[in-house]
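The values are calculated or read from the model by the stated rules, or taken from the named source; none is laboratory data. Remember, predicted model here, so these are calculated numbers, not experimental data. Here the Cβ is made from the backbone with ideal geometry for all residues, glycine too, and neighbour counts use every protein chain on show. Just so you know, the surface numbers come from the protein's heavy atoms only, side chains and all, with ligands and any DNA or RNA stripped out. Shrake-Rupley method; radii C 1.70, N 1.55, O 1.52, S 1.80 Å.
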Amino acid sequence: IGDGELRERLEELAQNCGSPENFIFTGFRNDLEKIYSDLDISVLSSLNEGLPVAVIESMAAGVPVVSTDVGGIHELINDGVNGFIVPSEDTNALADKIAILANSPDLRSEFGAKAREAVYPYFDYSRLVQDIEDLYECLVADKEFMHLQLRGFRQKGDVTIKDSGN
């Protein structure tokens, strides 16, 4: 689902695997709520990411995730609790964790529920809008802004932003 620089190579690999009918390349989609509602497992096999929106969306939809250990994935997934994290480029570990979830509807359900709890409502758009509004109000009033990480997500503590006067 989606697109990227490796799409042509992946389509070629799918054609050469012996069962090309098992692969569907959808390209870009703007109806992701329909997609997520049909998924049993979401897999992120990236080699490089920041804080992957696809993982946040999957988790918010209650879909368990298997992901490579990239970028900020540990900020989202608690390995073995609400999803699985495997070493980057370890295709065997990725396949093993996918198989575990594929063969356990109860574990998929448990991980999916815990995944949703972990990201919603923290990543809801209304929280983001409120954060931006709070930031602007603090800047206009020349007050410190307590970043939200901040205000509950993963209990990391308080971070403040204050103008140093430079």
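Taking every alpha-carbon pair under 8 Å whose residues sit at least 6 apart, the chain reaches a relative contact order of 16 percent.
Using the Cβ of residue 35 as centre and a radius below 11 Å, the other residues enclosed give a net charge of -2, where K and R count +1 and D and E count -1.
Peptides 22-32, 119-129, 75-85, 91-101 ranked from most to least packed by the mean count of surrounding Cβ atoms within 10 Å: 75-85, 91-101, 119-129, 22-32.
Our summary gives the stretch 25-90 a relative contact order of 31 percent, counting only alpha carbon pairs under 8 angstrom and 6 or more residues apart. If R0 is taken as 25 Å, the Cβ-Cβ distance between residue 134 and residue 33 corresponds to a FRET efficiency of 0.35. May I ask for the distance between the Cα centers of the stretch 1-74 and the stretch 82-116, given as a whole number of Å? A separation of 14 Å, based on Cα centres. Quick one: grab the alpha carbon gyration tensor of the chain, order the square roots of its eigenvalues as a ≥ b ≥ c, and give me rounded if a/c is under 1.5, else prolate or oblate depending on whether a/b is larger than b/c. It comes out prolate by the Cα gyration axes.
Using the rule -39500 (n - 2.57) for each DSSP H run of four or more residues, divided by the residues of the chain, the 222 nm mean residue ellipticity is -13000 deg cm²/dmol.
Overall, the accessible surface of the chain at a probe of 1.4 angstrom is composed of carbon and sulfur to the extent of 50 percent. Each residue of the stretch 61-74 was assigned a 3J(HN,Hα) from its phi angle through the Karplus expression (A = 6.51, B = -1.76, C = 1.60, θ = phi - 60°), giving 7, x, 9, x, 10, 10, 9, 6, 7, 10, x, x, 4, 5 Hz with x at Gly and Pro. Annotation: amide H-H contacts under 5 Å for residue 85 (H modelled 1.01 Å from N, sequence separation of 5 or more, or interchain): 67, 80.
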